[in-house]
Structure formats: structure tokens, C-alpha cells
Amino acid sequence: MVRGLVKIFGPHPQKVLPLLRDGLSKEQLFEKTRHAVGVYEATFSVRPGEVFVLMGLSGSGKSTLLRCLNRLIEPTAGEILIDGEDIVQVDEKRLRDLRRRRLGMVFQRFALFPHRSIIDNVAYGLEVQGLPLAERHEKAKAVLEMVGLKEWAASYPHELSGGMQQRVGLARALASDPDILLMDEAFSALDPLIRRDMQNELLALQSQMNKTIIFVTHDLDEALKIGDRIALMKDGMIVQIGTPEEILTKPANEYVHRFVEDVDMAKVLTAGAIMKSAETVSTKDGPRVALRRMKELGISSIFVVTRERKLAGIVTAEDAVQAREENVEDLSRILAPDPPTTLLDTPISDLIPVLADSKYPVAVVNQDGRLAGVIVRGALLAGLTRRGD
């Protein structure tokens, strides 16, 4: 939890802070006092296991804010609470302990020791903690295997590509098993293809580790891809916090709207965001019940679910009419058992070819197969054009 965090650069930040709080703008403060505002009144909380992204243009204060969280940059005012402990108030000894055991950091530049092997680079934090060689190498090997570099343990940094070196930096941060991982523009120095691979790698690792990650980026596509929630910053202040969908579809002001206006909605919005409520009948119902429901709703097909609301299939009006004429009472005999389905988090860009090729709507299901909603062509088109009110 971060409350009212302020960072002012200059020789007398505490003296000029009241001027800022009295209403002086960032520009006016600099003109009058030659003090620069890095962060002003940042307040937010990060949930356990969440990927929380700090995003903004260059100079927006996102990296300054991140580095205040482990006091690489000393805050001017405010609170930074980890399990109720305000790390702004702790002494140097306690701060070192927090950095070693609870807070890991991955920098934009790899910052590897060129004279150390990869395994010794990864084990460096464990060495600082005082672990014996055999134990820290064992832990380092396990993390290297996790990031796909086990066979490079005896190599040196200059023998690895940029993407591989960044994986080493990530492994080094993870080796100490921190509760919170701070990542400052960690992938921005990489080529686009390698960067995309590293984003995927991070998401795959996060599904295994469930770490709390605070990730800084200036790249909106990257933020939308990896972030559970995003804090968008401007001039040292947080202007909006929300999920990727909230940032895109409900921008807080004109600045946010302009920031996101060129995003391809099809790659960001998910099936769960555009699905409609699914009208259904039960497997215990017969063709006549199904036909009556379709007539009431003005639809030509309807999904069939079990008592547990698991998807059993779909039945069409045409098949229901024929079954009624033939006195068929068992709905299961006329089910189309494999209607197109998708999961809640599927990007709608993946659904376009599915809907184009299918005569049925797409069923949106949970991981356990329960029907959550339905997507028809109209809902898909509406989702593609959605951008606020």
C-alpha cells in the first residue's frame, strides 16, 4: 500500500513541499525554487500475486516512483506499507534486510558481473545473504532451469544474447524468492521479437510463481499484455488506475483517451468483456420447451446445459421442429454436441475467424466447462468499436 508518496528533487525538498501543497504547479515550483517534482501524492495498493503496471511517457515519474518503493530513491513524504510496516521509516539495517529477502529488482540494463559465471551471477543475492556455496548454487540452478538457461550455468555474460542476459537478471531477482518483484523497463532494451518472448516468459513464470510484480513501462501494448491493473502517470501524478479494459473503454480524461486511442481493441478486449447473457434450456427439457424458448426470444438456436450449468451442446429451431413432428422427447438426440466455445480471457481477435466460419454463436465457458455467456456477431462488432461513452 502506497499513500501520499511525494518525491521532490533539490537541496531543500521539505521546505518547498508546503508550496506544492498550497497549489503551486510543478512548473511554477521549479521556476521559483529550482526544485523538480518527480512524484506527487501517489496513492495505490497492489494485491498479492498481481502484476501492477506503472505506465507513462518519458518523464512521467514512473521509474522514480518504482525506485522509491525500495528506497533507491528516498521519498520526500508519504508511506510505503508492506504488511503494515512503513519502509520509509525503517533504519538502514532493516532496509537492507527487506531488499535482500522481500524485494527483488530487475533493471533495464542487465547489470551482470562480467567476471562471474552465470550461476554465480544468479546466486549473488544468496551470497549476500550468507548462504553457503552448495546451497546457493542449488537454488540458482533451479531458477536457471525455470528460465530455460540451465545449460548455460558455467558460461559468462558475454557469451549470451541480450534476451538471455535479461533472463539471467530475472533469475537473479527470483533466486532470493522475494515477495515483491520490481521491474524497471526490464524489456525495453531488447529487440521487438525478443521482447515479446520475454513478455510471454514472464507471464508463464508468473502462472507458476504467483509473485507480486510492479512493472514499469512506457509501452502501452506491453502494459495491456502483462498488467492485471495499470496506473497511468503524467507529470509525476497518477491520473487513472484500472484494468486494461477499464483504461481502454472508460478513460478518466482527455489525456488518457489520447494515450489509448490508437490501440487495436481486438487484441486487448477479451471474450468475457463482450459476451452477452446466455439464454439456455436444460438437458431435462424436451424439444418443445426448447422451441418455445427460441420463439419467445426470437432466436434460431439455444444452448443446452446440465444441472451444474456445464455446456452440453446447442439445438437449432429447425431440428427442434423436426423432433416435435417425429414425437422425439429426448433433447439429447438432436443436440449439436460441439458448438464453438472459447474461454473468458480469449482475445476477441482470436474469435473473428471462429464467428466467421460458424453458423452458431460462440459459447464462453469457464475453466470447468460452465457456460458463462455467449458471443454473437453483433456483440463482437460492438466490442471492436467500443471506446468510452
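Every number here is computed from the coordinates shown, using simple stated rules; none is lab data. Note that this is a predicted model, so its numbers are computed, not measured. All Cβ positions, even for glycine, are placed from backbone atoms using ideal geometry, and neighbour counts span all protein chains on display.
Short to long, the 10 Å bins of the Cα pair-distance histogram for the stretch 272-385 hold 15, 46, 30, 8, 0 percent of all pairs. Of all lysines in the structure, the ones whose alpha carbon falls short of 18 Å from that of residue 139, not counting any fewer than 8 places away in one chain, are 150, 211. Hey, if you put +1 on the Cβ of every Lys and Arg and -1 on every Asp and Glu Cβ in the stretch 272-385, which of 321, 289, 349 ends up farthest toward the positive end of that dipole? Positive-end residue among those listed: 289.
Mean-square fluctuations from a GNM of the chain, with a 10 angstrom spring cutoff on Cα atoms, peak among 15, 26, 139 at 15. The label-point distance for residue 142 and residue 193, in a model that sets each label 7 Å from Cα toward Cβ, rounds to 3.5 nm. For residue 359, a cut-off of 30 angstrom between C-alpha atoms picks up these lysines, skipping any fewer than 8 places away in its own chain: 267, 276, 284, 295, 310.
A cut-off under 11 angstrom between Cβ atoms defines the neighbours of residue 328, and their net charge, with Lys, Arg +1 and Asp, Glu -1, is -2.
Rounded, prolate or oblate, given the Cα gyration tensor of the stretch 1-134, with a/c below 1.5 counting as rounded? Judged from the Cα gyration tensor, the stretch 1-134 comes out prolate (a/c at least 1.5, a/b above b/c). Taking 206, 89, 165 as the candidate residues, the one with maximal mean-square fluctuation in a Gaussian network model of the chain, Cα springs under 10 Å, is 89. Rounded to the nearest 20, the size of the Cβ-charge dipole of the chain about its Cα centre is 680 debye, with Lys and Arg at +1 and Asp and Glu at -1.
Give, as a single signed number, the net charge of other residues whose beta carbon lies under 12 Å from the beta carbon of residue 48, with Lys and Arg counted +1 and Asp and Glu -1. Net of charged neighbours comes to -2.
Contact order for the chain, expressed relative to its length and based on alpha carbon pairs under 8 Å spaced 6+ residues apart, stands at 15 percent. Other residues within the sphere of radius under 14 Å centred on the Cβ of residue 144, judged by their own Cβ, net out at +2 (K and R +1, D and E -1).
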